[in-house]
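Reading through the structure tokens given below for one structure.
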Amino acid sequence: MTKDRDASTTPTITYLAKYLRTGSIFIALLVIGVVLSFASPYFLTTNNLLNILLQAATISIIAAGFTVVLIAGEIDLSIGSAIGLTASVIAVAIIQQGMPVSAGIGIALLVGLLLGMFNGYLTVFFKIPSFVVTLATLGIAHGGGLLLTAGRPVFGFPDSYHVIGQGLIGPIPVPILIAAAVYLVLHFLLTRTSFGIQLYATGGNREAANLAGVRVPRILITAFVICGLCGALAGIVLSSRLDSGHGNFGATNLLDAVAAVVVGGASLFGGAGSVIGTLAGVLIIATIRNGLILLNVQAFWQEIAVGVIIIIAVVINQTVRAEFSLPRIFQKRRRRKR
């Protein structure tokens, strides 16, 4: 009976830990918002709130892709440089080569897909750690973007392309709607499909997942492909917003994306995380950056603040992970019974 009771409480405890982490992130976001609303009279204005969401759109898209790879127990450092590469590719294709907008977008997405597939293939079949693989492709993508544009911005997109990054649907900017669509699709994929179940199983225990019939190589490569596509989509949105393409685009976005995913509760060891938590993490990072700007804090301090947030988030994540680990909880219960 005791064993049955312990087994039946396992899902309850797992969900409790999950929702405690996610709920605490949104509470933290609320507290930060309240503090900044008192610190600056401009914070709660409609224009500023929309500006926060608009500034967060690009980061949120790559953070969503990064979350998928991290759940699988891997890492993709090249996703920031994928923005610059795809922005450069689409600028050269549309502006310099005169291709239709639809063709340029298709080529950019194909580049992101191939980059993700390349990362996944080397990681899975050559057994090279993803940290090493994606660190190498980070340099390749960055250098490739600069090479395509000769180190200079290529600008002058047609008006039809501007809609992606500068258009409005009602009062809402299109980039915000694109980011929302990405999160809805990935949330459904992770929570309502067999791929999501297999992804969490792969990240949680790769050997057990393999024994259970999960095609681990396919799951891992798919995770990298999703991440690459997110990087390409972010590159499309950013190049449209800025009306140009350049290899340096996205070079500084990786830190914010990693911070958002870690703050959002994703485990650095795989098998845990959600795009909902990541979204909260993105909003926290974007809100803090916006608040520091409103308070006239130097940009250097913003980078320090993001670094400090990452450390705090990892400490909290590890503490919650240890406190709500199943063996520790059951040990506490047995002690109470004695």
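Worth a mention:
Matching residues to (1) crowded, with 16+ Cβ neighbours inside 10 Å; (2) within 20 Å of ASP243 (Cα to Cα); (3) at pLDDT below 95; (4) in contact with an Asp or Glu (Cβ under 6 Å, 6 or more places away or on another chain):
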| site | (1), (2), (3), (4) |
| --- | --- |
| GLY33 | yes, no, yes, no |
| ALA39 | no, no, yes, no |
| THR45 | no, no, yes, no |
| LEU54 | yes, yes, yes, no |
| GLY73 | yes, no, yes, no |
| ILE94 | yes, yes, no, no |
| GLN97 | no, yes, yes, no |
| ALA108 | yes, yes, no, no |
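- Summed over segment 152-179, residues that are within 27 Å of the chain's Cα centre (by Cα), exposed (fewer than 12 other Cβ atoms within 10 Å of the Cβ) and touching a residue at least 60 places away in the same chain (Cβ under 8 Å) total 1.
- Matching option when the condition is among the small types (Gly, Ala, Ser), within 15 Å of ALA64 (Cα to Cα) and either modelled with pLDDT of 95 or more or assigned to a helix (DSSP H, G or I) (or both), among GLY203, GLY228: GLY228
- If you go through segment 258-283 and pick out every residue that is surrounded by 24 or more Cβ atoms within 10 Å (Cβ to Cβ) and outside any helix (DSSP H, G or I), you end up with 4.
- Breaking point among (1) surrounded by 15 or more Cβ atoms within 10 Å (Cβ to Cβ); (2) in a helix (DSSP H, G or I), for ARG218: (1)
- Some residue of segment 103-111 being closer than 20 Å to ALA181 by Cβ, in contact with a Cys (Cβ under 6 Å, 6 or more places away or on another chain) and small (Gly, Ala, Ser): no
- Per the listing SER102, SER81, the residue uniquely assigned to a helix (DSSP H, G or I) and either farther than 26 Å from ILE219 by Cα or modelled with pLDDT of 95 or more (or both) is SER102.
- Counting only residues that are crowded, with 24+ Cβ neighbours inside 10 Å, part of a helix (DSSP H, G or I) and within 14 Å of the chain's Cα centre (by Cα), segment 239-257 holds 2 of them.
- Residue among SER88, SER81 that is farther than 22 Å from ILE197 by Cα, surrounded by 24 or more Cβ atoms within 10 Å (Cβ to Cβ) and in contact with a strand residue (DSSP E or B) (Cβ under 8 Å, 6 or more places away or on another chain): SER88
The values are calculated or read from the model by the stated rules, or taken from the named source; none is laboratory data. Small disclaimer: the values here were computed from a predicted structure and weren't measured. Here Cβ is always computed from backbone atoms with ideal geometry, including for glycine, and neighbour counts include all displayed protein chains.
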